[in-house]
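The values are calculated or read from the model by the stated rules, or taken from the named source; none is laboratory data. Since the structure is predicted, the reported quantities are computational estimates derived from the model, not experimental observations. Positions of Cβ are generated from backbone atoms using ideal geometry, with glycine treated the same way; all protein chains shown enter the neighbour counts. Side chains included, ligands, DNA and RNA excluded: accessible areas come from the protein's heavy atoms. Shrake-Rupley method; radii C 1.70, N 1.55, O 1.52, S 1.80 Å.
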Amino acid sequence: MNVSADQTTTGSALIAASGILPERVIQAMFAAQEISAAQPPVKGQIQPASLDLRLGTFAYRVRASFLPGPDIKVADRLEQLKLHTIDLQDGAVLETGCVYIVPLQESLALRPDISATANPKSSTGRLDVFTRVITDNGQAFDTIPAGYTGPLYAEISPLTFPILVRSGSRLSQVRFRRGQSLIPDADLQGIHKSETLMSGGNERIGGGVQLSIDLEGEGPGSLIGYRAKHHSGLIDVDLVGAQDPLDFWEPIYRRHNAELILDPDAFYILVSQEAVHVPPDYAAEMVPFDPLVGEFRVHYAGFFDPGFGHVGAGGVGSRAVLEVRSHDVPFIVEHGQTIGRLVYEHMAERPATLYGEGIGSNYQGQALKLSKHFKASA
C-alpha cells in the first residue's frame, strides 16, 4: 500500500483503500484519539476487524427504548426517561423484561470518510440479551455516521436470562469502514469459486450467502438444537464455562420428520446446514432472511471476522449458529429451509491476525454450540 507524503502515521489516514478497517488501524485510531477511553484497550478487545465496547460505571433503568433523533443528546433523553441509576463498578444484575441504558467507555471522533456499525457480540446474542448501540442525534440503532464525534451508549434488555454485568463487561462490538465495501452477488460468485465461501447444505448465493437450517443432525435421535428455559438462574457475562447447560436449556433432538415448531414465546439455538468460510481479505455479517418467507427471524445479527472457518487459522469451515424466534404465532420450520444470510465486505487491508489464531476466539470450527458461558458437554 502506498502512503502519500501528506498522510500522518496514525489513525485511519494510513488507509487509502475502501473497506473494513483492520485491527492495526483500530489500534492506531486509539493512538490518534479517534477512539478515546479512560483506560487503554485490554487484551482481546481489538479483534481482526472489530472492536469490543466496554460498559461504563453506571447503568440507567429507563421506561422504554428510544432513539434521540436529530439535535438531541442521549443524556438529555435519559433525564426524562430514567427510573433509577445502578452502580456497575462492583457488578449488578440486569433483570429480564427491563430496558437499561449504559454509557460506554469508548467515545469516537471519526474522520469524515469513516463510518461504523455495531452488533451484539456472538456470546451476547446466544444468551438472548437484546443490545444495541445508540449515539447522540441518532436516528437508527447500531449505526454510527461518518464523521461522528461523541459518546456511545448501549441499550440492554435481557429477554430470557437475568445477567450479571460490571464496568468493563463487553456485550457489543463495532466495525469501522471507509467508503463502500459491500460485495455484490456477481462478485461473490467468483469469490466462492476460488475461495469456497460455503460447503454442504444448499450452497446458494442471493442477497449474500444464504443459510439454511439443519434439523437432521447426525441421524435419528441426534441433538439438533436447544430451547431456552424460563425462570432459570443468573448468568455472569464475564465467566467462561461456569454454567451447566441443562440448568438453562432444554436439548432438542431430531424427530423422524426433521421439522420443528417454533413457539412464539421461546428462544432457540439452532445451526446452519452450511459450513461457512470468511477468507482473510473479507469480513461478513449475518442478517435476517426476508421475513416474507415466514413468521420467524434470526434474532440477532452478528459479525464474522476474517479467518472464520479458514483452514489456515484453525477452522475447517465453521457452521453458523442461529438464534431464532418466531413472531406472534407458532411456526413450522423444516430441514433445509432458508433462514438467514451472510453478506460479505472487503477489508481495506488484510489483518495481521485472523480469527482463531491464538486470540481467544471461542467459536472457530464450531458446529451446534451454546455461548462460551456454558460447560462444553450437556
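Averaging 1/r over every pair of different alpha carbons in the chain and inverting the result gives a Kirkwood radius of 21.4 Å.
Nearest 0.05, what FRET efficiency do ALA140 and LYS43 give at R0 = 45 Å with Cβ-Cβ as r? Approximately 0.90, to the nearest 0.05. A cut-off of 5 Å between modelled amide H atoms, ignoring neighbours fewer than 5 places along the same chain, links VAL99 with VAL62.
Based on the Kirkwood approach, the hydrodynamic radius assigned to the range 185-346 is 16.7 Å, with every pair of different Cα atoms included. Rolling a 1.4 Å probe over the heavy atoms of the protein chains gives the chain an accessible area of 41 Å² per residue.
Residues whose amide H comes within less than 5 Å of that of SER115, counting only those at least five positions distant or on another chain, are ARG177, GLY179 (H built at 1.01 Å from N in the peptide plane). Taking 20 Å as the cut-off, the amide N atoms of the range 34-63 that come nearer than this to a point 7 Å along the Cα-to-beta-carbon line of ASP87 belong to 55-62. What the Cβ-Cβ distance of ILE261 and LYS375 gives, at R0 = 22 Å and to the nearest 0.05, is a FRET efficiency of 0.20.
Return the subset of LYS229/LYS375; LYS82/LYS121; LYS82/LYS369; LYS82/LYS375 for which the Cα-Cα distance in this structure is over 28 Å, preserving the input order.
LYS82/LYS369; LYS82/LYS375
For the charge dipole of the range 185-346, defined by +1 on Lys and Arg C-beta atoms and -1 on Asp and Glu C-beta atoms about the Cα centroid, which residue among ALA284, GLY307, ILE332 has the Cα displaced farthest towards the positive pole? Farthest along the dipole direction, towards plus: ILE332.
3J(HN,Hα) along the range 172-177: 10, 9, 10, 10, 9, 9 Hz, from the Karplus curve 6.51 cos²θ - 1.76 cosθ + 1.60 with θ = phi - 60°, whole Hz, x for Gly and Pro. Mean separation of Cα pairs under 8 Å and 6 or more residues apart, divided by the residue count, gives the chain a relative contact order of 19 percent. For the range 208-213, backbone phi angles converted through the Karplus equation (6.51, -1.76, 1.60; θ = phi - 60°) give residue-by-residue couplings of x, 7, 7, 10, 10, 8 Hz, Gly and Pro being listed as x.
A simple rule links phi to the HN-Hα coupling: the Karplus curve 6.51 cos²θ - 1.76 cosθ + 1.60 with θ = phi - 60°, which for the range 39-54 gives 10, x, x, 9, 4, x, 6, 9, 9, x, 9, 7, 10, 6, 9, 9 Hz, with x for Gly and Pro. Pair-distance distribution of the range 113-169: all C-alpha pairs, bin width 10 Å, starting at 0; shares per bin in whole percent are 21, 48, 26, 5.
So, R0 is 30 Å and r is the distance between the beta-carbons of THR196 and GLU216; what FRET efficiency does that work out to, to 0.05?
0.85
Loop-located GluC sites (Glu not before Pro) in the range 129-237 (DSSP state other than H, G, I, E, B) with a sparse environment of at most 12 neighbouring Cβ atoms within 10 Å: GLU218.
From the mean inverse distance of alpha carbon pairs (Kirkwood) and the Cα radius of gyration, derive Rg over Rh for the range 11-178. Reported Rg/Rh, Kirkwood definition of Rh: 0.96. Under a 5 Å amide H cut-off, with hydrogens placed 1.01 Å from N, ILE339 pairs with LEU211, SER212, ILE213 among residues at least 5 apart or on other chains. Solvent-accessible area of the range 11-178 (1.4 angstrom probe, protein heavy atoms only): carbon and sulfur portion equals 49 percent. Put a dot 7 Å past the Cα of THR96, heading toward its Cβ, do the same for LEU223, and the two dots end up 2.1 nm apart.
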